[in-house]
1. So what does residue 42 come to for accessible area, using a 1.4 Å probe and Å² rounded to 10?
2. Regarding region 73-171, what is the average projected area of its C-alpha convex hull, in nm²?
3. Compute the Kirkwood hydrodynamic radius of region 11-165, taking the inverse of the mean of 1/r over all pairs of distinct Cα atoms, and give it in Å to one decimal.
4. Largest first and to the nearest Å, give the Cα extent of region 92-134 along each principal axis.
5. Which chymotrypsin sites (Phe, Trp or Tyr not before Pro) in region 87-180 pass both tests, a DSSP loop state and at most 16 other beta-carbon atoms within 10 Å?
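The values are calculated or read from the model by the stated rules, or taken from the named source; none is laboratory data. Here the structure is a predicted model, which is why all the values come from computation and not from measurement. Backbone-built Cβ (ideal geometry, glycine too); neighbour counts: all protein chains shown. To get the accessible areas, we keep the full protein, side chains included, count just its heavy atoms, and leave off ligands, DNA and RNA. Shrake-Rupley method; radii C 1.70, N 1.55, O 1.52, S 1.80 Å.
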Amino acid sequence: MSSSSGPVLYDVAGPEERARERRISIVLALVLVVLGGGLIVLLARNGAFDDRWLVLVDVPPNFAGYETRHVWQAVFRGLLNTLLAAAIALPLAALLALVLVSLRSSPFAPVRWAVVAVTEFLRGLPVVLVMFFGILVLPGATQLIAVVFGLTLYNAAVFAEILRAGIAALPKGQTEAAESLGMGSFLTYRDIQLPQAVRMMMPSLIAQGVVLVKDSSLGYIVGYAELLRSVSRVADALTNAQYLLPLLTVGAAVYIALNISLSRLAVWVQRRSSFARRAPARVVGTPPMP
């Protein structure tokens, strides 16, 4: 078996195992290259790489009154609407999740049962259906309010489940130690369990935030002018379906760039939290160790 500084559940891979892993990686990479090349050839045969892509840099002159700047203005306007819905829904979902997970730690069984029922009900509903409920139920609801309503309720339930899983993963000895010090269940939850659960599950919470941003595209169905609907309107204005492919490709690229940025943020937060837990504490007033 390996030493204490290495893996403890399995043996370190030997030269033959590493060589086999390299061969498998090379074969998989070649398969992906072949599949990607085949997809490009198929798209080229179907005319996917013709002059339709010029609409992104020079709108054909036969569309009077419509210029290239209008295309990119629509893209950025849709992006801003997407970010607006996500920026409103994300903190609201986080606050509601804290309420749900706090009530789930209540000493009263009926409260816990009610919270479990509400959480499971919200998790089981499609996001777009909750958006439709927002349009129909909330008085004077706009498309933005309906989108925020759906994103908030669904993601609050998911956030609450993530935090509950983090709390359940904590060692039971911490709760017992807090009780031995005279701390009640609420103080134990607020001062010991919840902060650790948030730090432990932060990457998962941020990953769900990525899902929230992507789910904002469902606002298209209720008429909200987010990124997908904005680029579709441009294609409708150009009255030519062939321009839909480059415009949707731009929208997909924006979504990918946005979500990759959020994923990198999750990795950075995880590394920072791991470093903070490993950093040794020092007495106030003493100089830091070199």
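1. 90 Å²
2. Working: hull surface 31.4 nm².
With every direction weighted equally, the projected area is 7.8 nm².
3. Evaluated on region 11-165, it is 21.0 Å.
4. The principal-axis extents, from largest down, are 35, 19, 13 Å.
5. Of the chymotrypsin sites (Phe, Trp or Tyr not before Pro), the ones in loops of region 87-180 whose Cβ has at most 16 other Cβ atoms within 10 Å are 108.
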